[in-house]
1. When you check Arg28 against the structure, is it of a type in the set (Lys, Arg), in contact (Cβ under 8 Å) with a residue 24 or more places away in the chain and not in a helix (DSSP H, G or I), yes or no?
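Any read-out appearing in this document is the output of simple, stated calculations on the displayed coordinates, not a laboratory observation. Because the structure is predicted, anything quoted here is derived from the model rather than measured. Note: ideal-geometry Cβ built from the backbone for every residue, glycine included; neighbour counts use all protein chains shown.
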Amino acid sequence: MPKYNVQYSVQQNARLDQVFQALADPTRRAVLARLGAGPRSTSELAQPFGMALPSFTQHLNLLENCGLVRSRKRGRIRTYEFRPQALKTAQTWLDRQRAVWEQRLDQLDNYLAEMQQEKS
């Protein structure tokens, strides 16, 4: 059985958990998709969701706390922009998981091929 290489610090694990928590919600994913087209104000982002602004702001705060968005305030207008580099932590973790499972599947293929040859 392969040994697992635990290379993430407590801080990295916390950041990873926050990013996945943010991505787990369809409203927050939709916000990120809308921000992919460029920065938008709070009211522009909230408009299609039909929820109270304080509730919607909680979604934005979570996205900002995990680093997926950044906000700037000019006068009374707060504008949000997508920060895709924050997805790198999640992508790195997913890449490592993919590599582990691809290796396991390759080992299983090899084992099954050997079993088939022994039968012949």
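1. On the way: of a type in the set (Lys, Arg): yes; in contact (Cβ under 8 Å) with a residue 24 or more places away in the chain: yes; not in a helix (DSSP H, G or I): no.
So Arg28 does not fit the description; no.
Yes/no per residue for (1) under 24 Å from Trp93 (Cβ atoms); (2) of a type in the set (A, V, I, L, M, F, W, C); (3) touching a Gly at 6+ places or on another chain (Cβ under 8 Å); (4) surrounded by 15 or more Cβ atoms within 10 Å (Cβ to Cβ):
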| residue | (1), (2), (3), (4) |
| --- | --- |
| Leu32 | yes, yes, no, yes |
| Ala37 | no, yes, no, no |
| Gln47 | no, no, no, no |
| Met51 | no, yes, no, no |
| Ser55 | no, no, no, no |
| Cys66 | yes, yes, no, yes |
| Val69 | yes, yes, no, yes |
| Arg74 | no, no, no, no |
| Tyr80 | no, no, no, yes |
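Rundown of residues vs (1) part of a strand (DSSP E or B); (2) among the hydrophobic types (A, V, I, L, M, F, W, C); (3) touching a residue at least 40 places away in the same chain (Cβ under 8 Å); (4) more than 17 Å from Arg29 (Cβ to Cβ), yes/no style:
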residue	(1), (2), (3), (4)
Met51	no, yes, no, no
Ser55	no, no, no, no
Asn61	no, no, no, no
Arg70	yes, no, no, yes
Arg78	yes, no, no, yes
Trp93	no, yes, yes, yes
Arg98	no, no, no, yes
